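Since every read-out is calculated from the coordinates, none of them should be taken as a lab result. Keep in mind the model is a prediction, meaning the values are calculated, not measured. Cβ placement follows ideal geometry from the backbone for every residue including glycine, while neighbour counts extend to all protein chains displayed.
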Amino acid sequence: MTAQASADLKRPTHRARHFTRPPASLVLICLLGVLAGAAIIALTFGAAGIPLARLPAALGFWTEHPVNPLTSRDQLVLWSIRIPRIAAAAMVGSLLAVSGAIMQGLFRNPLADPALVGVSSGGAFAAAVAIVFTDSQLGESLRFMQNELLPLSAFVGSLATTVILYAIANRAGRTSIAIFLLAGLAIAAIANAGIGLLVFMADDRQLRDITFWMLGSLSGATWAKTAVIAPVLAAALIACLWITRGLDLLVLGEAEAFHSGVDVERLKRISIVLVSAMTGVAVSICGVVGFVGIVVPHLLRLVIGPAHRLLLPASALLGAILLVGADTLARTIVAPAEMPIGILTAAVGAPFFLAMLLRQRGLVSL
Amino acid sequence: MAIGGVTLVDGIDLSVSGGEMIAIVGPNGAGKSTLLRLLSGDISAASGDIRLKQRDLRAYSSRQLALHRAMLSQHVSVTFPFTVEEIVHMGAGDQGRAAAEPLVEAALDEAGLSDFRHRKLPTLSGGEQQRAHFARVLVQLACGEAIHGPGLLLLDEPTSSLDLRHQIDLVETARRRAAKGTAVVAILHDLNLAVRFADRIVVLHRGRKVADDVPAKTVTDDLIRKVFEIEARVQRHSDGTPLLLPQLMTAIEARFPETSCAETERSEPWSSSGT
């Protein structure tokens, strides 16, 4: 017997494994608990530290006697800066993770991700266009609505990118995954070239704004921006309820999904609009944050399985946990400065992505 | 039905009654899978019409259609690690998990997969995966039949990855469904299997129907020669059932004489005028 053959014999075989999934309610409750814990930790850490003991008073749960002079400062920090930022991080994480899970279901590929295939870049390019042109004489009439224009531009950019990708990858009702991914890379390159051109044209302030989009940051999160994300996230999560069964059946292929009663074209349209809306809004709030959409659904599939009925809500929760954690790190590890969150997610996500690729080739065991 | 200017199936007139099991046979590229896709509503015919329970197939929504017919495709690949049980449950459509449980149990049992229910589908062999998808289709059929009565079961080469035992099991299961009123149409490559289980055998050749009759009348030396280009001596059981033995088959020599490379280049056989 050769050395390779004996090594193969010692390797545990998949055939002998039996899998039982943990109960859905238990998974969701655990994730909710972890999210609450992550949020509490995030509340206490930052440039102005708020110890756990002062947190209830700062949150207004009770009034201290005698009044701690630091409480009013804590309250200001928490309610004006930290809570909207944590809420925005949680919701953006949910949007990115759920849009990744939907895109992977739609294209039957665990490597599909809005950031990887240029949907985020398309959104960032559209946002950069809005930054540069609404600030010039060309867009003078639109300047008054810049706050609304940026999210809208990012959404339209993401939608346009997704539609173009879909049109390129789809021939005679069949979607070619290889063409989709390659076209996504090409579109991301075009969008990045466009952003480069806009950087060249931009003045100093515009340049800073564009850099914000490219590296991703939640430092600009406010209650007003949080109020924009919340309804989109709520609507998207409700809409997800209608597509979970279709996404499960789409895993069998478009023909099998049709044979099983799925209106495949309608499902694709809904999924594309959802992915574009969620990515667009996320990009408009915090710029391009990559790899959350790949890492979160993949980790969850290992534990709870690929059924979208549980995968989508669980992705929303784990995405929130991941981004709250990443944002806490981003604003503390180089304090008083802030590290762009996109750097952190890429630093963790890219090696994870490579490990997934290697694992698929059977080179390493993850 | 034509794709890219090539006619795949043409002038086929076929009717299937409830309780009947039909085997579609023919050489590669004869249009068998295209015909099944037409019958499933997956693709539409350029001309002519297809009716299911007296109603034009195009008038059904995909959801309604799934309650009247179930189809097992030739190849189904699953990227994500669903377990066998989850795959079979997918056949139950909108039915609640509890309501579908007895149907799923029965289908797993019929497909011989009860012990495999918690295994991840991508880790199973090709034959085991094919049986899991067959079980899923059985659940879909049972769910539809519970509402609308006997339906249509379409099987595209359902035995292609199965061993002998499971080939027989699968076709016997389909036969049992037919006995309960389901109309079954299956593409089969094994003529002996088709002869044993089918009420009628439909033979396709170059997109056209060349025979449609009971097995004893369909499977003849002459038909095998014309359609499959095989010299065969069809044996007969005492009851007249045909039997094909590989030992009694010989491929007919290539119709085109072999030519040298130079001759091939000169004659340009792939140009549109040359073929």
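Taking amide H atoms as placed 1.01 Å from N in the peptide plane, the amide H of B:Ala211 lies under 5 Å from those of B:Val203, each 5 or more residues away in sequence or on another chain. Contact order for chain A, expressed relative to its length and based on alpha carbon pairs under 8 Å spaced 6+ residues apart, stands at 29 percent.
Distances between placed amide hydrogens fall under 5 Å for B:Ile24 paired with B:Ala186, B:Ile187, B:Leu188, B:Val202, all partners being 5 or more residues away or on another chain. Loop by DSSP (not H, G, I, E, B), at most 10 other beta-carbon atoms within 10 Å: where is the longest site-free stretch of chain A for chymotrypsin sites (Phe, Trp or Tyr not before Pro)? It works out to A:63-366. When both segment A:95-109 and segment B:162-203 are represented by their alpha-carbon centers, they are found 40 Å apart. Mean per-residue shielding of peptide A:109-116 is 1, counting Cβ atoms of other chains within 10 Å of each Cβ. Pairs of Cα atoms in segment B:2-213 fall into 10 Å distance bins, from 0 up to the last occupied one, in shares of 8, 35, 37, 17, 2 percent. Cross-link pairs exceeding 32 Å in C-alpha to C-alpha distance, out of B:Lys120/B:Lys209; A:Lys225/B:Lys120; B:Lys53/B:Lys209, comprise B:Lys120/B:Lys209; A:Lys225/B:Lys120. Take the Cα of A:Thr20, step 7 Å toward its Cβ, do the same at B:Asp222, and the gap between the two points is 6.4 nm.
Against chain B, whose longest principal axis comes from its Cα atoms, helix B:164-179 is set at around 70 degrees. The translational diffusion coefficient of the protein assembly as shown, from Stokes-Einstein at 25 °C and 0.890 mPa s with a Kirkwood hydrodynamic radius over alpha carbon pairs, comes to 87 µm²/s.
Between A:Ser80 and A:Ser176, the distance separating the two model label sites (each 7 Å from Cα on the Cα→Cβ line) works out to 5.7 nm.
Taking trypsin sites (Lys or Arg not before Pro) in DSSP loop conformation with at most 16 other Cβ atoms inside 10 Å as exposed sites, chain B has its longest uninterrupted site-free stretch at B:54-179.
Over segment B:2-213, what relative contact order in percent results from Cα pairs under 8 Å that are six or more residues apart? Computed value for segment B:2-213: 37 percent relative contact order. Per residue of peptide A:258-267, the mean number of Cβ atoms on other chains within 10 Å of the residue Cβ is 6.
Under a model in which nothing but the beta-carbon of Lys, Arg (+1) and Asp, Glu (-1) is charged, segment A:78-360 shows a dipole of about 500 debye around its Cα centre.
Pairs with C-alpha atoms separated by more than 32 Å, drawn from the list A:Lys268/B:Lys180; B:Lys180/B:Lys226; A:Lys268/B:Lys32, are A:Lys268/B:Lys180; B:Lys180/B:Lys226.
Mean shadow of segment A:78-360, computed from the convex hull of its alpha carbons, in nm²? Walk me through the numbers before you get to the answer.
On the way: hull surface 59.9 nm².
With every direction weighted equally, the projected area is 15.0 nm².
Working note: Karplus 6.51/-1.76/1.60 with θ = phi - 60° gives segment B:206-212 the couplings 6, x, 10, 7, 10, 7, 7 Hz, where Gly and Pro are set to x.
Counting only GluC sites (Glu not before Pro) that DSSP places in a loop and that have at most 16 other Cβ atoms within 10 Å, the longest clean stretch of chain A runs over A:65-337. Ranking A:Leu322, A:Ser276, A:Leu311 by Cα position along the charge dipole of segment A:264-366, where only Lys, Arg, Asp and Glu carry charges on their C-beta atoms, puts A:Leu311 farthest toward the positive end.
Length available on full extension from A:Ala53 to A:Leu329: 0.36 nm per residue minus the Cα-Cα distance, which gives 97.2 nm. Restricted to Cα atoms, segment B:39-83 shows a radius of gyration and a Dmax of 13.6, 41 angstrom.
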